1. Looking only at segment 446-466, decide whether some residue is surrounded by fewer than 17 Cβ atoms within 10 Å (Cβ to Cβ), at pLDDT 95 or above and either more than 30 Å from MET363 (Cβ to Cβ) or among the small types (Gly, Ala, Ser) (or both).
2. If I filter segment 386-403 for residues that are within 20 Å of MET243 (Cα to Cα), open to solvent by 10 Å² or more (accessible area, probe 1.4 Å), at pLDDT 95 or above and away from ligand 1 (no atom under 15 Å from the Cβ), do I get at least one hit?
3. Which one of the conditions (1) farther than 19 Å from GLY255 by Cβ; (2) in contact with a Leu (Cβ under 9 Å, 6 or more places away or on another chain) does THR365 fail to meet, given that it meets all the rest?
4. For segment 289-322, which positions are in a loop (DSSP other than H, G, I, E, B) and away from ligand 3 (no atom under 12 Å from the Cβ)?
5. Scan segment 404-422 for residues that are loosely packed, with under 13 Cβ neighbours inside 10 Å and of a type outside the set (Asp, Glu) and jot them down.
6. At pLDDT below 95, open to solvent by 10 Å² or more (accessible area, probe 1.4 Å) and under 24 Å from the mean Cα position of the chain (by Cα): is that true of GLY211 in this structure?
7. Name the pairs whose Cβ atoms lie under 8 Å apart, with the first residue in segment 456-477 and on the phi > 0 side of the Ramachandran plot, the second assigned to a helix (DSSP H, G or I) and within 16 Å of ligand 3 (Cβ to nearest atom), and 6 or more positions between them or separate chains?
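The values are calculated or read from the model by the stated rules, or taken from the named source; none is laboratory data. No experiment lies behind these values; they were computed from the predicted model shown. Here the Cβ positions follow ideal geometry from the backbone for every residue, glycine too, while neighbour counts run over all protein chains shown. Calculation scope for accessible area: heavy atoms of the full protein, side chains included, ligands and nucleic acids excluded. Shrake-Rupley method; radii C 1.70, N 1.55, O 1.52, S 1.80 Å.
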Amino acid sequence: MWGVIYKTGLGFILSCLLAFSAYAQASNTRLEFKGLDVNAEHIAVFVGKDGELSKAVADINAKTDGRLQTALKDAEFEGKFGKKLRLYGLSPFKSVIVVGSGEDELSVRQLRDLGGYVAQASSNDDSLAIIGAGLNTSVAQSAAELAMGYALGSYSFDKYKAKGSGDSKKKARTVSFHTEEPQLSKDLFVNDLKHVVTGVGFARDMGTEPGKSIYPENYAQRVRKLFKGVANVKVEVMDLAQMKRKNMGALMGVGQGSIHDPRLVTVTYMGGASNEAPIALVGKGITFDSGGISLKPNTGQWAMKSDLSGAAAVAGTIYAVAKRGDKVNLVGVMAMAENMPSGKAIRPGDVLTTMSGKTIEVMSTDAEGRLVLSDAMTYVQEEYDPRLLIDIATLTGSAARAMGEDYAAVITPDWDLTQEMMRIGKAVGEDVWPLPLNKNHYKAIASDIADIKSTAGRPGASIGAAVIGTFVDEDRKWVHLDIAGVDWLDKATPTTPKGHAGWGVRFLDAVVRENQQAE
Ligand code: BES
Ligand code: ZN
Ligand code: ZN
């Protein structure tokens with residue numbers, strides 16, 4: 001038997017086990033991969049175009065003496081992709097969840113979505129069996145992708161609910177994925193996809209935690225804890241005194257209004273050749289963005305507890321890559337600060353000197369992300385000379401308005417890279433779409449008294465990118481991701497419940513996978 005039961009924080013292993021648990025989640029769900037022998041109270045099946053049953057589902061139908069098919073006919077179930085139906089009274093099963101799998105050949109993204117649909121339709125059941133055999137797909141190990149979607153879609157955050165309610169009252173349960181090739185799917189899940197799920201769970205946890213509970217010092221500790229015992233990973237935490245020595249005036253400036261000092265966290269994973277330049281990921285980690293002296297309006301202020309999403313995605317990604325043991329060198333830099341108003345806070349009009357020596361005139365203290373990133377970008381290039389540099393940030397309301405919840409904005413001067421990013425995003429289910437960056441955006445941030453100014457009206461997302469781009473070496477392969485619209489969902493998608501999305505772990509993980517150098 002395979003399976004793992006995870007309890008919050010201290011997963012204990014039962015045998016040759018596999019399971020997932022989103023990080024702070026008190027879920028006692030055990031995932032298993034099995035052959036076609038099904039024995040469960042609740043069952044989930046996929047039905048394609050015109051309600052046609054695959055051999056595996058026909059076997060289930062036979063167990064119900066044909067009543068499953070009759071019920072599908074009566075419900076006029078056409079098998080449209082993502083359509084869900086839950087049927088009761090089809091003994092020997094207590095319930096049968098039916099999800100339409102459509103007529104097209106299923107991609108990885110669609111398989112994950114199908115797993116997510118089942119998760120949404122099945123909360124709290126015990127011993128759920130999901131029939132992954134007979135799907136119309138050429139994706140080998142498709143059951144592993146279903147499991148990943150299921151695991152992502154069943155995330156919940158119940159830490160602050162009273163004991164005995166929410167997830168904490170859920171009993172231990174098993175979800176089994178039935179497939180022709182259980183061992184292969186299990187291997188892919190356990191050695192790879194499960195770590196991506198944990199990385200996403202970490203990012204979601206961080207983005208959901210209130211600002212009171214996560215501030216730079218303990219955010220850094222949470223990152224340390226995540227990587228404890230992970231091979232080839234080093235976590236370095238830079239404090240205020242060290243930042244002073246590096247002249248990180250922008251990062252320190254943003255943090256100075258808060259009772260909590262800023263931190264700069266660097267995670268390195270050296271899985272590649274020692275002479276190979278790394279890929280660098282740089283994340284915005286504002287643990288709460290009040291706007292500072294340029295205080296934000298009341299409405300929606302609470303959501304700025306998740307202004308640390310970029311940094312969380314960086315940590316989650318490196319976790320997945322390192323646990324998988326990729327042959328790649330990867331460095332992540334997380335710029336952590338709390339943006340608060342106080343007598344010690346920076347003011348609009350102040351001029352900050354960055355680590356690069358360039359000065360920035362602060363036009364609005366609410367445009368703090370680009371400030372902390374300016375120092376982080378300089379630092380990572382000076383220290384690591386990366387071959388690909390990606391920054392990820394909940395940077396602008398402008399990007400959120402333009403993109404909504406479906407696309408993150410991608411900005412890079414390199415059109416080939418833009419297209420690569422769009423292709424990767426589409427494949428893994430985290431879409432990106434380009435916004436422009438040209439010399440006019442750089443001209444717009446000219447300042448009368450400093451080297452640049454931090455804002456310059458519309459178009460906000462491109463202006464923000466220009467400020468960051470000012471700190472990127474010429475000819476450096478650079479991608480900027482503005483995730484302000486996608487990091488928080490008001491409406492669930494199959495693999496992302498509403499709330500904090502943990503956006504970027506799946507995307508960046510795929511970028512790193514695809515950018516490994518041949519041996
Ligand atoms: N963290 C915000 C951006 C944001 C807005 C993220 C909405 C998620 C949802 C950022 O620090 C900010 O306040 N940006 C300002 C910049 C402006 C002052 C130039 C904005 O976009 O309004
Ligand atoms: Zn702000
Ligand atoms: Zn912000």
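1. Yes, the conditions are met somewhere in segment 446-466.
2. No, the conditions are met nowhere in segment 386-403.
3. (1)
4. Of everything in segment 289-322, those that are in a loop (DSSP other than H, G, I, E, B) and away from ligand 3 (no atom under 12 Å from the Cβ) turn out to be ILE293, LEU295, PRO297, ASN298, THR299, GLY300.
5. Passing the criteria: GLY404, TRP415, GLN419.
6. no
7. Pairs found: GLY457/ILE463.
For every residue, the table says whether it meets (1) at pLDDT 95 or above; (2) of a type in the set (S, T, N, Q); (3) more than 16 Å from ligand 2 (Cβ to nearest atom).
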position: GLY253; (1), (2), (3): yes, no, no
position: SER258; (1), (2), (3): yes, yes, no
position: ASP261; (1), (2), (3): yes, no, yes
position: THR266; (1), (2), (3): yes, yes, yes
position: GLY271; (1), (2), (3): yes, no, yes
position: ILE286; (1), (2), (3): yes, no, no
position: GLY291; (1), (2), (3): yes, no, no
position: GLY316; (1), (2), (3): yes, no, yes
position: TYR319; (1), (2), (3): yes, no, yes
